[in-house]
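The block underneath contains the structure these notes are about, expressed in structure tokens.
The values are calculated or read from the model by the stated rules, or taken from the named source; none is laboratory data. Treat the numbers as computed from the prediction; the structure is a model and nothing was measured. All Cβ positions, even for glycine, are placed from backbone atoms using ideal geometry, and neighbour counts span all protein chains on display.
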Amino acid sequence: MKEVKSGIINNISTEWILGNSGYVVFSQKNDGGKGLIYYNLEAWKIFSYSVSHEKGGGPDLGGLCKKWKGLLDAQPNQDGKATGFLDVYQSKKRHYVVRGIPLSSDPHGGETPFFSHYLFLLDRVIPDKVNLPMVARKWKLSPREEEIVRLLLTDQGNKEMAETMQISLNTVKGYLKLLMRKLGVSSRAGIVVSLLTEEREN
């Protein structure tokens, strides 16, 4: 993998690259062949300390990019604007939300390009910056549900949540199932994505 040359991102809105964001440029052949992956130093750090890296072999960046491309392609046409959140990526104890944007190969139109290009941005989830009370009001979360979400954003496991809240492990699992049903998702990561999307849009 290589560093993204500065010229590649000159036309990207500055809101995409402020702070310590990691970004990945994925160029995929339209015939379904292998793609090219470029990324900045922050993205390299995120991937280097990922959970999958600790298990050996490092993360499958090609597989991740294809997954994110599929999620992005399934969304309505954004006219070159940043999408909502596509995924949550875990790097050790830190979580990063993934957004995507298709990059035009030919800004003036013309024939179908040989490659399709995508930019993926990884933003670290910082619980203190999430307006949780506002999100809780929006989704009519109970105080217990709001507390579960707060602990979820700090990456506490079910057992840790149970100890912190002084409730049983089964009760924690019950609250998580209620939250998934309420938000229309099927995983803990889905809860985070849904709530962060709602927080960003308000």
For Ser168: the one exception among (1) at pLDDT 90 or above; (2) buried (at least 16 other Cβ atoms within 10 Å of the Cβ): (2)
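Conditions tested, residue by residue: (1) closer than 21 Å to Arg99 by Cβ; (2) touching a residue at least 12 places away in the same chain (Cβ under 8 Å).
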residue	(1), (2)
Asn131	yes, yes
Val149	yes, yes
Asn158	no, yes
Ala162	no, no
Gln166	no, no
Leu178	no, yes
Arg181	no, no
Ile191	yes, yes
